[in-house]
Amino acid sequence: MVTTKGYRKIKRIMIPVIVIALYLLPIPVLANDHKGNEIHYKQYESGKVSFDSNDRKNRRLKRKDKGNELTGLATAWLLGAANLTVLLSLLLKGANRYLPLKPETKSTVKRFNRFQKKHLIRFHYLLNPLALCIGFLHFLLSCCRKTVLPEWGLLFLTMMILLGLMLKFKVIPLWLKKFLYLLHTSWIPISALIVVLLFGHLMVE
């Protein structure tokens, strides 16, 4: 058994040791806790910056998508309005040529065709260049690596509109005028242009 004297010696030694241990022990614990908090804080800040950056990027992409969709729809509607007279003319000419109409009906169709072309052709010359400008803006807002059909469609559209303006302002040599007029007014290049634009946008989507 431990004597009273020995117990007192052990007590005198252990009490200071326990006090010193209790004093020094919180230091590494707090240091580790501080380091852990600092690491978590840095991770939180890094994640927050990354989230904010991705959020801003997503908002920009959404705005870009909306602008892209808006310019695309505006181009399509303008082209439709600008070439309504062309579509009507082709349909009326086709009806007169291929349908078994009476002579009086054919004459009425011809008069109506002349009337609509006289009053709608001005929109053809005004809206097509405007549609082309918005189409270029639509092209700049778009980014597609799947196909080059939209680019080819825009190129063909530009050529057709420029050709129409050259015919309008008579800046084409006379020996080319008839051929280019037939090319510009034929349903073949118009149909090819529509097919290229349609399939190009379907492939993009």
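Throughout, read-outs are computed from the coordinates displayed, never taken from laboratory work. All of these numbers come straight from a predicted model, not from anything done at the bench. Cβ placement follows ideal geometry from the backbone for every residue including glycine, while neighbour counts extend to all protein chains displayed.
Only residues that are outside any helix (DSSP H, G or I) and more than 18 Å from residue 142 (Cβ to Cβ) were counted in region 181-205, giving 1.
Evaluation of residue 131 against the conditions (1) in a helix (DSSP H, G or I); (2) of a type outside the set (D, E, K, R); (3) farther than 27 Å from residue 70 by Cα shows that the sole unmet condition is (3).
Inside region 134-175, can you point out the residues that are more than 19 Å from the chain's Cα centre (by Cα) and not in a helix (DSSP H, G or I)? Those that are more than 19 Å from the chain's Cα centre (by Cα) and not in a helix (DSSP H, G or I): 169, 170, 171, 172, 173. Checked against (1) surrounded by fewer than 16 Cβ atoms within 10 Å (Cβ to Cβ); (2) assigned to a helix (DSSP H, G or I), residue 100 passes all but a single condition, namely (2). In this entry, residue 178 is excluded by the filter for residues that are under 20 Å from residue 86 (Cα atoms), without any contact (Cβ under 8 Å) to a residue 12 or more places away in the chain and outside any helix (DSSP H, G or I).
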